[in-house]
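The values are calculated or read from the model by the stated rules, or taken from the named source; none is laboratory data. On a predicted model such as this, the values are computed, not experimentally measured, just so you know. Ideal geometry is used to build each Cβ from the backbone, glycine not excepted, and the neighbour counts take in all protein chains shown.
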Amino acid sequence: MKDTVIIEKVKMKKLHNAVLLTGLPGIGLIGQVVGRYLVEELRAEKVANIYSPHFPHQVFMTKKGGIRLIRNSLYLHKGKKRDVLILLGDIQAMSSVGQYEVAGVILDYCKSMNVTEVLTVGGYSTGKIAEERRVFGVATSDALRNRFKKLGVIFGEAKGSIVGAAGLLPALGKQKDLEGSCIMGETHGSYIDTASARQIVLLLSKYLDMKVDLKRLNKQAQESQKILKKVQDEVQKSMAAQFESANRNVSYIR
């Protein structure tokens, strides 16, 4: 295999005003949690697998004793107003060249399927555990920014760069006349953040007019919040103890 390939599992027809929604591994695994949850709740159909020499040179061993290549996959949800292609994956390409090549192949395929918008999901690390997770965004047009602002997405406050597919897909998509945006959930960055993922699933259900049952994700978010709060409390106690100990050991010569 010399190039990235997309192998369809079903014969695809042109989609209706479709959007590509990504759920790849990244900060806080927010994109991955969002993507997998939507695929499960919407019962989206797997329509294609993506293989690339830019993925790691290893295979996964299956529960039945078989093996499979590392891959990304596309799932289709036929919506009332828009079709949604959901991109999931074991991993992202391991090099800059690979990231551009894989993104290009995916965008060309999506364009041929009548995808008109690219919407990526990621995390925005603040190094803090917030009670209420904010959602930040960047977009390739004023029209998109205005649409998301009405749903509470914050623009202009997130700083820095977006690494990997979450940034490349919408940016390169603009060159192919596709609308593009990246929606980022606020997160500490060192933990799987289900609470932040929940905020984005709720946002996407409104933006894409999808009926999504949040019961399972609500429960997971509450449990993860309790664990993170406990971790945060323990860290603060430890820091306070170290500070008190250091003060007790300080001596002065007069």
Margin query: Residues to consider are TYR75, TYR37; find the one that is assigned to a helix (DSSP H, G or I) and of a type in the set (Phe, Trp, Tyr).
Written below: TYR37
Item checked: Total residues in the range 3-53, condition at pLDDT 90 or above, at positive phi and of a type outside the set (S, T, N, Q) -> 1
Check: Any idea which of GLY65, GLY104 is within 27 Å of SER141 (Cβ to Cβ) and outside any strand (DSSP E or B)?
Finding: GLY104
Check: Among the residues of the range 83-110, which ones are out of contact with any Ser or Thr (no Cβ under 6 Å at 6 or more places or on another chain), at pLDDT 95 or above and charged (D, E, K, R)?
Finding: ASP83, ASP108
Check: Does any residue of the range 197-208 turn out to be of a type in the set (Lys, Arg) and farther than 28 Å from TYR109 by Cα?
Finding: yes
Checklist line | Only listed residue being without any contact (Cβ under 8 Å) to a residue 60 or more places away in the chain and either under 17 Å from the mean Cα position of the chain (by Cα) or within 29 Å of TYR191 (Cβ to Cβ) (or both), chosen from VAL59, VAL34, VAL19, VAL10 | finding: VAL59
Next item on the list: Output the residues belonging to the range 118-142 that are buried (at least 19 other Cβ atoms within 10 Å of the Cβ) and more than 14 Å from LEU20 (Cβ to Cβ).
Entry: GLY122, GLY123, TYR124, ILE129, ARG133, VAL135, PHE136, GLY137, VAL138, ALA139
Notebook entry, point to check: When the range 177-197 is examined, which residues are found to be in contact with a Gly (Cβ under 9 Å, 6 or more places away or on another chain) and among the charged types (D, E, K, R)?
Noted result: GLU179, GLU186, ASP193
Check: Before we move on, is ILE91 of a type in the set (A, V, I, L, M) and either free of Cβ contacts under 8 Å to residues at least 40 places away in the same chain or surrounded by fewer than 13 Cβ atoms within 10 Å (Cβ to Cβ) (or both)?
Finding: no
Checklist line | Flag if ARG198 is out of contact with any strand residue (DSSP E or B) (no Cβ under 8 Å at 6 or more places or on another chain), buried (at least 19 other Cβ atoms within 10 Å of the Cβ) and of a type outside the set (Val, Ile, Thr) | finding: yes
Check: Does the range 97-117 include one or more residues that are aliphatic (A, V, I, L, M), farther than 22 Å from ASP177 by Cβ and surrounded by 13 or more Cβ atoms within 10 Å (Cβ to Cβ)?
Finding: no
Next item on the list: State all residues of the range 136-153 that are touching an Asp or Glu at 6+ places or on another chain (Cβ under 9 Å) and in a helix (DSSP H, G or I); if no residue qualifies, say none.
Entry: ALA143, LEU144
